[in-house]
Amino acid sequence: MQHIYSKSSVIIVKTKLISILRRGKEILQRGWRLCSPYLGHLKAWLWNLLMVYVAYTLCRIIFLFVNWDAYSETMTFAHALHLMRAGLIFDTTAILYTNLLVMLMLLFPLPWKERKGYYRVVRWVYTIINSLCVYTNLIDCVYFQYTGKRTTISVLNEFSHEGAGNMTKIMGEQFLANWYLVLIAAVFTWAFWRVFKAPKTAFSDNPSVKPVKPWKQALVNLLLILLMAPLCVFGMRGGVTRATRPITISNANQYVNEPAETGIVLNTPFSIIRTFNKKPFVIPHYMTDDEAAALYSPVHEPLASNEPFRPMNVVVFILESFSKQHFGFYNDPTLVNTVPRGFPTRSESFTPFLDSLCTHGALTYQYSYANGRKSIEGMPSVLSSLPNYVEPLFLTPASLNDMSGLARELSEQKGYTSAFFHGAENGSMGFQAFANATGFQRYYGRTEYNQDPNYNGDKDFDGTWAIWDEEFLQYYCDEMTRMKEPFMTAVFTASSHTPFNLPERYKGKFPKGRHQIQECVAYSDNAMRQFFRKASQQPWFKNTVFVITADHVSGQVDPVYRTTLGHYCVPIIFYVPSDSTLQGYDCERTVEQTDIMPTVLSYLRYDQSYVAFGEDILHTPADQTFALHWVPEFEGYEYVRGNYTIQFDGTNVTHAYQHRTDPLLQHDVLRTMPADTLQLMERHAKSIIQQYMQRMNNNQLIIH
């Protein structure tokens with residue numbers, strides 16, 4: 001009896017569930033019938049948008065076909081599909097930007113626009129805008145063969161200097177030579193006109209549509225705009241999460257195997273839009289090329305040595321916002337040559353572990369500087385010796401250049417295994433794209449961390465940016481232990497960042513400090529302690545060169561760290577457990593992030609030529625070391641050498657200071673400093689800037 005009762009209960013439940021589902025289906029169908037007459041504008045917009053996606057995809061196929069010779073040796077069908085899918089991300093941004101006006105014209109709640117003549121105007125706008133976008137894509141099918149990358153605003157600026165007659169001649173010749181693309185362009189324009197769909201609205205003159213109330217239609221359209229607006233913003237940005245930066249052309253590197261493939265992933269409207277408001281790298285022509293090369297050369301040749309290459313592991317830490325402000329070591333008055341007015345004299349420290357490393361076993365510098373003020377400026381400087389001048393490299397057309405770095409030099413020339421680690425969402429900040437572009441073979445982010453059964457996955461997520469530093473650095477250590485030696489890896493930490501949270505178990509455990517970031521710095525310093533405790537037990541530890549620096553500064557409190565120069569004061573630390581000679585506190589040399597790559601390669605006795613805008617500070621005399629960075633406050637350069645700092649606006653030196661004895665930069669010595677010193681510093685800075693701009697614009701960042 002109990003069995004029969006149980007069986008009948010199941011039948012009753014099933015019957016009720018089916019009844020509920022049918023009722024739900026009826027409600028949805030009724031709701032759709034009620035709403036459908038008012039959704040004509042949305043249906044029309046989505047259809048028209050879909051047709052633009054089809055057009056962009058066809059343009060990408062045509063681009064691949066026209067440029068097949070550039071890809072035929074390595075392209076497979078599966079990889080081509082992968083590039084096509086990746087291209088949809090960039091298409092979305094371009095299409096939403098260029099069709100925003102069409103969307104507003106279709107959805108804006110104005111009853112008087114529901115007339116046949118109005119939608120003829122919308123059709124013209126739709127056809128003209130999207131035809132122009134298609135034309136730029138088709139033009140790049142040919143122009144790509146000369147530039148190796150998609151057209152950006154800098155290219156348009158170059159052509160703006162051509163006379164109208166000359167431009168007409170050039171375009172006429174190209175139209176004749178590529179007549180088939182002109183014909184295809186005409187077909188696209190005709191197709192846009194034909195496929196455009198206007199909404200069917202009953203309070204116009206369409207007898208086949210059920211009448212609707214104008215005020216209800218206006219209300220629905222307003223709600224649609226409010227609903228679609230955030231979706232469009234996410235599409236234009238290229239992502240939803242806070243950790244995702246607005247997508248740029250450099251993100252294309254994330255999906256390709258070689259730089260030339262970015263031409264397939266990108267589309268030309270996107271490339272122009274994303275570089276529209278970016279200052280192009282202008283070659284200043286301060287001097288002849290020979291004069292510039294005589295003063296400074298970014299081409300590094302192997303040292304004259306018979307000693308063989310040292311196949312040591314290289315591990316680079318880029319610590320989020322670790323300004324010298326937060327260290328006790330760098331602010332200890334007993335370790336500073338002089339203690340001028342304005343220099344902090346307190347023993348306050350939020351980095352006890354790194355302080356101990358600097359004191360016992362590492363080599364570091366009193367005068368060490370960042371090359372930028374943002375994370376996206378720090379990564380190229382540290383890993384590829386490419387400084388930030390005028391605009392962040394990530395955000396310029398030069399981000400598609402062929403680039404090298406520690407990973408590429410060591411993996412391609414010396415057979416290293418290479419990997420980049422960042423505990424944030426994969427692809428965030430454009431780091432994955434840059435890592436791929438500069439030769440890192442693997443990328444480990446939040447996705448890979450979550451797949452490791454030895455860790456807690458997203459339970460270790462800080463809720464905003466990334467996996468907590470302690471857990472991710474432990475994971476970092478484990479992954480290196482699994483790697484084949486020698487390896488080159490880099491990790492970018494994240495916990496010392498707004499909103500300045502800590503794991504629950506650590507709240508109240510670290511000193512608060514005078515800035516809220518300092519408690520988080522103390523947490524990340526402890527995470528570094530835990531990493532080195534674990535790493536020191538691994539077989540690869542003693543055969544490793546460790547480099548520790550910051551991406552940029554943050555939380556500046558003391559006056560000396562709030563000057564234009566103080567906003568670049570970051571630690572640069574070299575630590576080799578097996579080398580007791582590479583230790584000490586250098587108070588003479590001027591060091592910057594771009595010096596890391598040539599210094600590491602020199603230490604390894606690297607025997608190949610490469611391009612780097614830094615110096616080997618192990619073998620460069622102290623009086624020849626320097627630092628050069630772009631200062632956004634006055635939109636000029638700051639050049640540091642020896643006791644002097646000069647500020648240069650791109651044309652003239654405007655100020656000069658003796659920063660070692662006047663760290664607050666209060667006394668301008670431009671008129672009293674030795675003339676030969678001023679001239680040497682100015683010409684050296686000009687030489688570096690000129691060659692940087694030349695190499696960026698001409699894609700000369702590697703040795704062919």
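Quick note: the coordinates plus some simple rules give every number you see, no bench work behind them. Bear in mind the structure is a predicted one, so any value in this text is a computation, not a measurement. Note: ideal-geometry Cβ built from the backbone for every residue, glycine included; neighbour counts use all protein chains shown.
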Projected onto their principal axes, the Cα atoms of the stretch 546-692 stretch, largest extent first, over whole-Å spans of 48, 36, 26
Applying a 10 Å radius around every beta-carbon, put 317-326, 44-53, 393-402 in order of their mean neighbour count, most first. 317-326, 393-402, 44-53
HN-Hα couplings for the stretch 625-642 via Karplus (6.51, -1.76, 1.60; θ = phi - 60°), in whole Hz with x for Gly/Pro, come out as 7, 7, 9, 9, 9, 8, 10, x, 4, 10, 6, x, 9, 10, 10, 10, 7, x
Search the structure for amide H atoms under 5 Å from the amide H of residue 487, placed 1.01 Å from N in the peptide plane, and list their residues when 5 or more places away or on another chain. 313, 314, 417
Give me the tail of P(r) for the stretch 505-632 as a percent: Cα-Cα pairs with distance above 21 Å. 54 percent
Packing rank of 616-628, 72-84, 516-528, where each peptide gets the mean count of other beta carbons within 10 Å, highest leading: 516-528, 616-628, 72-84
Mean projected area (nm²) of the alpha-carbon convex hull when the stretch 429-519 is viewed from all directions: 7.2 nm²
Does a label point 7 Å from the Cα of residue 309, set along Cα-to-beta-carbon, have any residues of the stretch 606-635 with amide nitrogen under 14 Å, and which are they? 606-610
Three-way shape call for the stretch 341-490 based on the alpha-carbon gyration tensor, with the a/c threshold at 1.5: rounded
How many percent of DSSP beta bridges within the stretch 517-673 run antiparallel, rounded to 5? 100 percent
For the stretch 456-523 and the stretch 354-373, what is the separation of their C-alpha centers, rounded to whole Å? 20 Å
Please list 3J(HN,Hα) in residue order for the stretch 463-479, calculated via the Karplus relation 6.51 cos²θ - 1.76 cosθ + 1.60 where θ = phi - 60°; whole Hz, with x for glycine and proline. x, 10, 10, 7, 5, 3, 4, 4, 5, 5, 5, 5, 4, 4, 4, 4, 5
Net charge, residue 599 excluded, C-beta distance under 9 Å - Lys, Arg +1, Asp, Glu -1: -3
Could you run the Karplus curve 6.51 cos²θ - 1.76 cosθ + 1.60 with θ = phi - 60° over the stretch 589-604 and give me ³J(HN,Hα) per residue in whole Hz, x for Gly and Pro? 6, 9, 10, 9, 4, 5, 7, 5, 4, x, 5, 5, 5, 5, 4, 7
Taking every pair of alpha-carbon atoms in the stretch 448-500, what share in percent sits in each 5 Å bin, from 0 to the bin with the longest distance? 4, 18, 29, 22, 16, 8, 3, 1
Which far-off residues, 5 or more places away or on another chain, put their amide H under 5 Å from the one on residue 592, with H placed in the peptide plane? 369
Would you mind getting me the FRET efficiency between residue 58 and residue 666? Use the beta-carbon distance for r and R0 = 60 Å, nearest 0.05. 0.40
Between residue 610 and residues 5 or more places away or on another chain, the pairs with built amide H atoms under 5 Å apart involve 300
Burial ranking of peptide ranges 281-293, 253-265 (average Cβ count within 10 Å, highest at the top): 253-265, 281-293
Placing +1 at every Lys and Arg Cβ and -1 at every Asp and Glu Cβ, with all other atoms neutral, what dipole size does the stretch 251-316 have around its Cα centre, in debye to the nearest 20? 480 debye
